[in-house]
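The values are calculated or read from the model by the stated rules, or taken from the named source; none is laboratory data. Just so we're clear, the structure is a prediction, and the values are computed from it rather than from any experiment. Every residue, glycine as well, gets a Cβ built from its backbone with ideal geometry; the counts of neighbours run over all protein chains shown. What goes into the accessible areas is simple: the full protein's heavy atoms, side chains included, and nothing from ligands, DNA or RNA. Shrake-Rupley method; radii C 1.70, N 1.55, O 1.52, S 1.80 Å.
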Amino acid sequence: MAYDDNNVFAKILRGEIPSKKVLEDAHALAFHDIHPARPVHILVIPKGKYTDFTEFATRATPAEQTGFWSAVAEAAKKAGVVETGYRLVANTGANGGQEVPHFHVHILGGGRVGPMVARD
Ligand code: 5GP
């Protein structure tokens, strides 16, 4: 899938839409989800143009990948959920329920997160 430069996270990266930043470095930006599903709900995105996890895992450089996952760990630490536990979620594609076509990982915590997936 071609990358859409007008997706909402691209706009956040360009500073066109404000976000409540948790951290930012050369490879990644972490910010609070606008509609938190749990007391802690942070989104971590790479700075590169990757539509989803598959794109990121296959096309991002080793430095981008290491930088991204380090930022996820650092954001969890900053949010204070490392001791109590948390869940990482990467919705991917239509069946995965991905709404924003820029790869992102959700960090969910601050209380029990609940069943891993809804059972139909
Ligand atoms: P997805 O369903 O793609 O995995 O998750 C997209 C997430 O982005 C949703 O949890 C949604 O609340 C969040 N989101 C959508 N638009 C914005 C926004 O403008 N700012 C922030 N901070 N989060 C957003």
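A few comments on the model shown:
- Extending 7 Å from Cα along the Cβ direction at Lys78 and again at Thr66 yields two label points whose distance is 2.1 nm.
- Rolled with a 1.4 Å probe across the full set of protein chains, the surface gives Val113 an accessible area near 30 Å².
- With only the Cα atoms considered, segment 12-120 has a convex hull volume of 108 Å³ per residue.
- Those GluC sites (Glu not before Pro) in segment 47-120 that DSSP places in a loop and that have at most 16 other beta carbons within 10 Å: Glu83, Glu99
- Among the trypsin sites (Lys or Arg not before Pro) found in segment 14-88, those both in a DSSP coil and sparsely packed, with 11 or fewer other Cβ atoms within 10 Å of their Cβ, are Arg14, Lys20.
- Share of carbon and sulfur in the accessible heavy-atom surface of the chain [1.4 Å probe, %]: 54
- Helical runs (DSSP H, four residues minimum) scored at -39500 (n - 2.57) apiece and divided by the length of the chain put the mean residue ellipticity at 222 nm at -8000 deg cm²/dmol.
- Classification of segment 65-120 by its C-alpha gyration tensor yields an oblate form. The axis ratio a/c (a ≥ b ≥ c) is 1.5 or more, and b/c is at least a/b.
- Multiplying the residue separation of Lys20 and Leu88 by 0.36 nm and subtracting their alpha-carbon distance yields 22.6 nm.
- Probe 1.4 Å, accessible area per residue of the chain, Å²: 60
- Counting lysine pairs in the chain that sit 8 or more residues apart in sequence, or on different chains, and whose Cα atoms lie under 17 Å apart gives 10.
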